[in-house]
Amino acid sequence: MNNQKYDAIISGMDLQKPAPENEPFRQFYFIERARQNLQKISASAGRKLTFCVVTFGCQMNARDSEKLRGILEEIGYVQSDSEDSDLVIYNTCTVRENANTKVYGRLGKLHSYKKKNPHMMIGLCGCMMQEEHVVQKLKESCRFVNLIFGTFNIYKLAELICGALEHPDRMIIDIQQSSDRMVEQLPVDRKYTFKSGVNIMYGCNNFCSYCIVPYVRGREKSREPEDIIQEIRDLTADGVREVMLLGQNVNSYGKNLRHPISFAELLEQIAQIPGLDRIRFMTSHPKDLSDELINVMAKYPKICRHLHLPLQSGSTRILRDMNRHYTKESYLALVDRIRAAIPDISLTTDIIVGYPGETEEDFQETLDVVRRVRYDSAFTFIYSKRSGTPAARMDNQVPEDVIKDRFGRLLALVQETGREQTARFLGQDKDVLVEQVNEQDADLVTGRMDNNIVVHFRGNPDLIGQIVPVHLDECHGFYYMGHAL
Ligand code: SAH
Ligand code: SF4
Ligand code: F3S
């Protein structure tokens, strides 16, 4: 986003007065105060201070990181890719144990950098910090961490950084258990100039039995449609052509607003915004996916031909236990309705293997759904026990070797059907939004079709951010090689 509009308000903040109570002005005040603190430190160090924000989680986590970066740049830090920076913030995820372990593993390395750099500060935020036992452990064994905050107060970053700069010897911890407020209108540093995530709702009310997200992200809260539309208008004015609407369950958007509105209605309004070429969204919970939404998708070609529709399991018995509120049959019927209305749609999914009590028969049901639906691709996960969730209390955990064997079989099937599905566009002409120079070959550029499939073709970097018609020459499993028309 164009952050210049913030400069005048921020530098106009009077630091002689106490900090304002109302947001976002309170944060503007602390940005200015942090700026002045940082300038002094920079002057004594004889160089500009750098920062690095590392994202460990999902698209929502990534969007939060863009908000953190926007505030830090406004304070005057210079962005760097290196974790050997003057300020490193880990934006953590705790959806599975391995996301969690990774953070502890990398903290040791940060500590060694910090011992060599007297200006270095370390911050931890995100979903993992909402877990009491994590913060307890950090308090006991990672005293070198300067700042710990959670998922409900990232907007307060400037205030927290100010505290950390003014008290470098303290460990500042600010975790809220929940929040009804949504503080917006703060600077954001977008990773891409031409596409952007847009939060339409926060939190989750579904309490799937295995999942920790509702505990660390709180109850579902939808943003007002006018605010979302205005944000997207501003983004398009700033050159954005594709938006990804973000929520844990976008299909239940708007139900709790003062003037309730459905997700399909919101999409239809967004589809009218001039200058916007592509609209994506995630994630769709199958239980709430309405026919109204299918119709709106079919009506507006701007809405991308892609649906991420997490299955989790193909066994109705396991789905009931998972608290998913759909059955194998109702899921398959939904897929049929979607394909009847939008025949060329790409479907992708998430599947968990080894949920407590999963039998070979249950697993066969999952394989059966994969064979029938023929996903373009699927994320497959080994069940991970998350403390505090109902599934963690179940004593019929599946043995590790059985899970590994099932996981291997599922992966093989998903790859086989994915390859076949992806190849169905071979020889066609498709629009590709160019995202970057190809990582292996600088003569190529890489982009995505509207169904999210990756295409590489010969082209120069000027094409980045443009939608280019491309002929699809070769399919290599999950991506295409093509040539511009
Ligand atoms: N809100 C989204 C999913 C968010 S989490 C939805 O409902 O679809 C992303 C994925 O992580 C989930 O779809 C699920 O497949 C996986 N996941 C969540 N908790 C997990 C756990 N405890 N073990 C393994 N995978 C898990
Ligand atoms: Fe987790 Fe279920 Fe909410 Fe998705 S819908 S975030 S899987 S509880
Ligand atoms: Fe992870 Fe939090 Fe997203 S737990 S998956 S970063 S909502």
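Below is a table of values for the structure above.
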| quantity | calculated |
| --- | --- |
| Cysteines in the chain that, by Cβ-Cβ distance, have no pairing candidate under 4.7 Å | 52, 58, 93, 125, 127, 142, 162, 204, 304, 475 |
| The stretch 198-332, relative contact order [Cα under 8 Å, separation at least 6], % | 23 |
| Solvent-accessible area per residue, Å², over the stretch 344-411 with all protein chains present [probe radius 1.4 Å] | 44 |
| Set of lysines with alpha-carbon distance to residue 221 below 18 Å, sequence-local pairs under 8 removed | 255 |
| Accessible area of the stretch 248-389 belonging to carbon and sulfur atoms, whole % at 1.4 Å probe | 51 |
| Fraction of the pair-distance distribution of the stretch 115-234 above 20 Å, Cα-Cα pairs, percent | 55 |
| Heavy-atom surface of the stretch 413-485, accessible at 1.4 Å and reported per residue (Å²) | 49 |
| Prolate/oblate/rounded label for the stretch 108-183 (Cα gyration tensor, a/c 1.5) | oblate |
| Net charge dipole size for the chain [Lys, Arg +1 and Asp, Glu -1 on Cβ; Debye, nearest 20] | 920 |
| Residue pairs, from the table 114/137; 191/430; 5/67; 114/139; 109/137; 287/328, whose Cα atoms sit over 23 Å apart | 191/430 |
| Peptides 397-405, 303-311, 258-266 ordered by average Cβ neighbours within 10 Å, highest first | 303-311, 258-266, 397-405 |
| The chain: relative contact order as a whole-number percent, Cα under 8 Å and 6+ apart | 10 |
| Gyration tensor verdict on the stretch 206-352 (Cα atoms; rounded if a/c is under 1.5, prolate if a/b is larger than b/c, oblate otherwise) | oblate |
| Normalised contact order of the stretch 88-228, rounded percent, pairs of Cα under 8 Å and 6 or more residues apart | 20 |
| Cα-derived Rg over Rh, computed across the chain with Rh taken as Kirkwood radius | 0.97 |
| Mean projected area in nm² (Cα convex hull; one quarter of hull surface) for the stretch 1-115 | 9.0 |
| Hull volume in cubic angstrom per residue (convex hull over the Cα atoms of the stretch 273-376) | 97 |
| The stretch 136-242: trypsin sites (Lys or Arg not before Pro) falling in loop per DSSP and having at most 15 other Cβ within 10 Å | 143, 170, 181, 191, 219 |
| Beta bridges by DSSP in the chain, antiparallel share as percent, to the nearest 5 | 35 |
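The values are calculated or read from the model by the stated rules, or taken from the named source; none is laboratory data. Keep in mind that this is a model prediction, so the values were computed, not measured. Neighbour counts run over all protein chains shown; Cβ positions are idealised from the backbone, glycine included. Surface accessibility is based on the protein's heavy atoms, side chains included, excluding ligands, DNA and RNA. Shrake-Rupley method; radii C 1.70, N 1.55, O 1.52, S 1.80 Å.
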